[in-house]
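What follows is one structure encoded as C-alpha cells, with my remarks underneath.
The values are calculated or read from the model by the stated rules, or taken from the named source; none is laboratory data. Just so we're clear, the structure is a prediction, and the values are computed from it rather than from any experiment. A quick note on method: Cβ atoms are made from the backbone with ideal geometry, for glycine too, and the neighbour counts reach across all protein chains shown.
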Amino acid sequence: MTRLFSSALAAYLVAGSISAIAGWTPGDIVCVTGASGVGPGVRPAVLVIRTSPLSVASVRVDSGITGDGAFDPFRNRVVLARTEPFGRKISLLDSDGSLSDLSYAGNQDALIVAPTGDARIYFLRPNKISYLDAAGVTRDVLNTSGPLAFVPARVWQRMYYDAPSNALFMGGSSGINAMITKLPLTPDGTRLASPPIDNNFVTANLTSPTVVGFSPGPGANVFIKIDDNSGNTAPRMLIMEPHSIDISAYAFSGYFGVGGEIAGCYSAALNRAVVIDSLGDNLRLYQPEQIGAGSVVSAPLISAPASSGENAVLFPITDSAGVCPGDFNLDGLVDDSDFIVFVQSYNILDCADPAMTPGCPADFNHDALVDDLDFIVFVAAYNTLVCP
C-alpha cells in the first residue's frame, strides 16, 4: 500500500514551530511522596535531590499526588499518577512545578505509570494495562494472541519498563515474600510476547517484604528497593538481571527504623543507592555490599516526620541523549536526510509491507502504521534539529 506524501503536511513541516521543553537535570533524583497534605502541616509532594552538591529542594506541594511517578526522557517530564475529585489523572510535571494533564480513554482509574522513553506511557488499571502513544491515543496491552486485553492476575504496587529486555516489570508482595512479575512485550509493545513470568523470591530475615521501587541499576541491571517492617539486617536493596530475572543483593540495611525505608533508587551520578528513611526524615546512601545504617544525609521535608507508612518513590533523571525519534541515520540531527527516510515510510504506510524499513522505525506511536500521527512526532524532532 503506497500513497503520495501530503503537500499540506510538507508545508506544515516548514512552517511548524515546536517550543523547547523546560527540562530536568540528568543525574538528579526525584522524590514523589503521598505524605503531603493541606493546612499547617503541608509538606512537599515532589522534591528534587540535587547530586552535585547534594541538596534537597521542593518542586511542588499537591495533596492529589499519591506517591507514584517516573521520568519520561521522551517528553523530558516527570510522569505522575494523581488523584482528583473525579478520578485519577496522568500528569506531566515540569522542573518548575507546573503540571499538564494527559487525557486517556475509559474510566479515570490509572494506578501506576511506566514511561518507555520512546513515546509510550504504560499505566496499570484495575483490570488491564493500557498505554498512551505519542499522539495521545489510548490502547490496551493485548494477550499473546487474539483481540482481547491482557487481564493481570493481581494488583501490583510498582511498574517499570526495561528497554534492553523490552519488558514490563511489576513489583509487589505475595504476603511472606517479595514478588516480581516480568511481562515480555512484542517489538511494537502492543501485546505480551509470552506469558507472564513470576519470581516469588525469599529475602532472608524479612517477614513481609514488598517491592517499592525500580530504577536503572549499575551496568545493564535493574535496581530494586524492598520495604519491610522487621528490624533485621537484610538485603533491602537488590540487583536484577532483566533477561533471566536473576536477583542478587546490592546492600544490607540494618538500624533502628529500617521499617521506614519506604523508597529507594540507584544513582549512577553518586554510584550509590539512595534510600528514604521516613522515620528519621532523611536520606541514607549505600555503597555496593555495604551493611548497616549507610551514610546519613540530612534532608528535611523528605517525608512525614516519625512515620513509616506513606507511599513514595525515588527515581533518577536519566540522560535523554539516546532518545531522538526521527534520527534514522544516527548522526545526532533530525534533518533533510531523515526527512527522506520518513517520506518513504509514510508513502508505504503499513509496517507489515515488505518494502518497509526493517523494524518500522518511523512508527513512533507503535500502531503498525506510519501516518499523520507519526508525522506530528517527526515534525517536533525536525524543528528541534539537534538531538537532545
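Can you tell me which residue among A167, A114 is among the small types (G, A, S), out of contact with any Cys (no Cβ under 6 Å at 6 or more places or on another chain) and either free of Cβ contacts under 8 Å to residues at least 60 places away in the same chain or farther than 21 Å from G213 by Cβ (or both)? Outline the logic, then answer.
Working: A167 fails: either free of Cβ contacts under 8 Å to residues at least 60 places away in the same chain or farther than 21 Å from G213 by Cβ (or both).
One residue alone meets the criteria, A114.
In region 175-216, which residue that is more than 26 Å from V141 (Cα to Cα) and of a type outside the set (A, V, I, L, M, F, W, C) is surrounded by the most Cβ atoms within 10 Å (Cβ to Cβ)?
Only one residue fits best here, namely P209.
Have a look at D72, D96 and point out the one that is in contact (Cβ under 8 Å) with a residue 40 or more places away in the chain and under 17 Å from the mean Cα position of the chain (by Cα). Steps first, please.
Values: D96 fails: under 17 Å from the mean Cα position of the chain (by Cα).
Among D72, D96, only D72 is in contact (Cβ under 8 Å) with a residue 40 or more places away in the chain and under 17 Å from the mean Cα position of the chain (by Cα).
Which condition does Y382 not pass, out of (1) farther than 16 Å from F74 by Cα; (2) not in a loop (DSSP other than H, G, I, E, B); (3) not hydrophobic (A, V, I, L, M, F, W, C), if it passes all the others?
(1)
Of R120, R158, which residue is buried (at least 21 other Cβ atoms within 10 Å of the Cβ), in contact (Cβ under 8 Å) with a residue 60 or more places away in the chain and under 23 Å from I29 (Cβ atoms)?
Working: R120 fails: under 23 Å from I29 (Cβ atoms).
Unique residue meeting the criteria: R158.
Listed here are the residues, each with its yes/no results for (1) in contact with a strand residue (DSSP E or B) (Cβ under 7 Å, 6 or more places away or on another chain); (2) crowded, with 21+ Cβ neighbours inside 10 Å; (3) not aliphatic (A, V, I, L, M).
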position: Y346; (1), (2), (3): no, yes, yes
position: D350; (1), (2), (3): yes, no, yes
position: A362; (1), (2), (3): no, yes, no
position: D367; (1), (2), (3): no, no, yes
position: D371; (1), (2), (3): no, no, yes
position: D374; (1), (2), (3): no, yes, yes
position: F378; (1), (2), (3): no, yes, yes
position: L385; (1), (2), (3): yes, no, no
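Using the structure shown, decide if T233 is of a type in the set (V, I, T), touching a helix residue (DSSP H, G or I) at 6+ places or on another chain (Cβ under 9 Å) and farther than 20 Å from I29 by Cα. It would help to see each step written out before you state the result.
Values: of a type in the set (V, I, T): yes; touching a helix residue (DSSP H, G or I) at 6+ places or on another chain (Cβ under 9 Å): yes; farther than 20 Å from I29 by Cα: yes.
So T233 fits the description; yes.
Determine the pairs where a residue that is not assigned by TED's automatic domain parsing to the domain that holds C351 and modelled with pLDDT of 90 or more, located within region 186-204, has a partner that is among the β-branched types (V, I, T) and not in a loop (DSSP other than H, G, I, E, B) with Cβ atoms under 8 Å apart, the partner being 6 or more residues away or on another chain.
P196/T181; I197/T181; D198/I180; D198/T181
Among the residues of region 361-375, count how many are in contact with a helix residue (DSSP H, G or I) (Cβ under 9 Å, 6 or more places away or on another chain) and assigned to a helix (DSSP H, G or I). Steps first, answer last, please.
Initially, region 361-375 is screened for residues in contact with a helix residue (DSSP H, G or I) (Cβ under 9 Å, 6 or more places away or on another chain), giving 361-365, 367, 370-372, 374-375.
Of the ones still in play, those that are also assigned to a helix (DSSP H, G or I) are 372, 374-375.
Total satisfying the criteria: 3.
Counting just the residues of region 333-344 that are farther than 18 Å from R75 by Cβ and of a type in the set (V, I, T), which one comes out surrounded by the fewest Cβ atoms within 10 Å (Cβ to Cβ)? Even if it seems obvious, please write down each step before you answer.
Going through region 333-344, the residues farther than 18 Å from R75 by Cβ turn out to be 333, 335-344.
If we keep only those that are of a type in the set (V, I, T) as well, we get 340-341, 343.
Values: I340: 11, V341: 17, V343: 18.
Once the filter is applied, the top-ranked residue is I340.
Restricting to region 178-218, name every residue that is under 21 Å from R120 (Cα atoms), assigned to a loop (DSSP other than H, G, I, E, B) and within 19 Å of the chain's Cα centre (by Cα).
T186, P187, D188, G189, T190
Across region 342-370, what is the number of residues that are modelled with pLDDT under 90 and of a type in the set (V, I, T)?
Counting residues in region 342-370 that are modelled with pLDDT under 90 and of a type in the set (V, I, T) gives 1.
Just to be sure before I move on: is G257 surrounded by fewer than 16 Cβ atoms within 10 Å (Cβ to Cβ) and farther than 28 Å from V151 by Cβ in the structure I sent?
no
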